[in-house]
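The values are calculated or read from the model by the stated rules, or taken from the named source; none is laboratory data. Computed from a prediction, not measured in an experiment: that's the story for all the values here. Note that each Cβ is placed from the backbone with ideal geometry, even for glycine, and that neighbours are counted across all protein chains shown. The area values use the complete protein model at the heavy-atom level, side chains included, leaving out ligands, DNA and RNA. Shrake-Rupley method; radii C 1.70, N 1.55, O 1.52, S 1.80 Å.
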Amino acid sequence: MSKVQVIEICKTLDQLYTLDNISLTLNPQECVVILGPSGCGKSTLFNIISGLIKPDKGKIIIDGQDYTGKTGRVGYMQQKDLLLPFRTVLDNIALPLVVKGESLKQARNKAKSYLSEFGLVGFENYYPRQLSGGMRQRAALLRTYLFASDIMLLDEPFAALDAITRHKMQLWLINLRSQYNPSILFITHDIEEALLLGDRIYVFSPLPARIIGEFNVKGLSEPEKNKYKKKIIELL
Ligand SMILES: Nc1ncnc2c1ncn2[C@@H]1O[C@H](COP(=O)(O)OP(=O)(O)O)[C@@H](O)[C@H]1O
Ligand SMILES: [Mg+2]
């Protein structure tokens, strides 16, 4: 069974027709990339999948259950990392567990047990502004993972990083996947990133977003991926 099914989603925002009949699936342990131009409605789709906004039409099915308009089921890392500036890294990471009803002590302990894997040991008592961009994104990713480890929505998590840090983070995410096997929906406007990280890629059109291509790129060699790169560039 699919982890997430997006079924015929339509959405108008302030009279702007944004999502035009979007249907896609995320299978267990897959990394599915949504690739599309800026402003086409990608983040809006994540807001709908996470339940933060309701679609005008269509359904969101998670593990076979209707989650349309319901929050709290998926880990969602929004485009702007929303670490609270006045809380330490550790408490930022622990926060969603507290929201879910765990004691602060319990939540801190659980968060601590992942610090090493997320490259944050020794920084747990720092404040977000004292961390590098890459570290802030890893903290935000850990917080997302702790909220819901099986399904993660990552909205352009590395877009604001410099090229070297971005590439390190991409390799780190690949490693993280092989260790924890989450199912990931990943938004990017970067074709190289889509081909590096995705098992499947959905290409979105400019506003209103429609799916104009779907590519299965899992396990392809570099030359094969280059062929897809050309195809995708032609589409966009
Ligand atoms: N809350 C909102 N109300 C009205 N328009 C919005 C809102 N959020 C986004 N938009 C507009 O909807 C379009 C899609 O936005 P968004 O989903 O953020 O695109 P993307 O993530 O692909 O860059 C954009 O033109 C944006 O200006
Ligand atoms: Mg966006």
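Between amide H atoms placed 1.01 Å from N, distances below 5 Å from TYR76 occur with LEU153, all of them 5 or more places distant or on a separate chain.
Taking every DSSP beta bridge that has both residues in the chain, what percent is antiparallel when rounded to the nearest 5? Intermediate values should be presented prior to the final figure.
Details: 19 of 37 bridges.
If we restrict to bridges inside the chain, about 50 percent are antiparallel.
Scanning residues 5 or more positions from THR18 or on other chains, those with amide H under 5 Å from its amide H are LYS11, THR12, LEU13, with H placed 1.01 Å from N in the peptide plane. With a threshold of 32 Å on the Cα-Cα distance, the over-threshold entries among LYS54/LYS112; LYS11/LYS110; LYS57/LYS80 are LYS54/LYS112; LYS11/LYS110. Within the chain, what whole-number % of the accessible surface is contributed by carbon and sulfur, with the 1.4 Å probe and all protein chains included in the calculation? Within the chain, the accessible surface is 50 percent carbon and sulfur.
A 1.4 Å probe, protein heavy atoms only, puts the accessible area of LEU52 near 100 Å². Debye sum, Cα scatterers, the range 83-147, no solvent: what log₁₀ I/I(0) at q = 0.17, 0.20 1/Å? Ignoring solvent entirely, the Cα scatterers give -0.47, -0.66. Across the range 209-214, coupling constants 3J(HN,Hα) worked out from phi with the 6.51/-1.76/1.60 Karplus curve, θ = phi - 60°, read 5, 10, 7, 10, x, 9 Hz, and Gly and Pro carry x.
So with the 1.4 Å probe, I'd like the accessible area per residue for the range 83-147, rounded to whole Å².
Details: 3200 Å² over 65 residues.
For the range 83-147, the solvent-accessible area averages 49 Å² per residue.
Backbone phi angles across the range 218-227, fed through the Karplus curve with coefficients 6.51, -1.76 and 1.60 (θ = phi - 60°), yield HN-Hα couplings of 4, x, 6, 6, 4, x, 5, 5, 4, 4 Hz in residue order; Gly and Pro are listed as x. Taken one residue at a time, the phi angles of the range 65-72 give Karplus couplings (6.51, -1.76, 1.60, θ = phi - 60°) of 10, 6, 10, 4, x, 10, 8, x Hz. Gly and Pro are set to x.
Which is the longest stretch in the chain that no exposed loop site breaks, taking sites as GluC sites (Glu not before Pro) with a DSSP loop state and at most 16 other Cβ atoms within 10 Å? Value returned for the longest uninterrupted segment is 118-236. Other residues whose C-beta falls under 11 angstrom from the C-beta of SER43 contribute a net charge of 0, scoring Lys and Arg +1 and Asp and Glu -1. Cα centroid separation, the range 113-153 to the range 1-72: 26 Å. Note on GLU222 and ARG129: their simple-model spin labels are 4.3 nm apart, each label 7 Å out from Cα toward Cβ.
Annotation: amide H of THR68 within the under-5 Å range of ILE60, sequence separation 5 or more or interchain, hydrogens built in the peptide plane.
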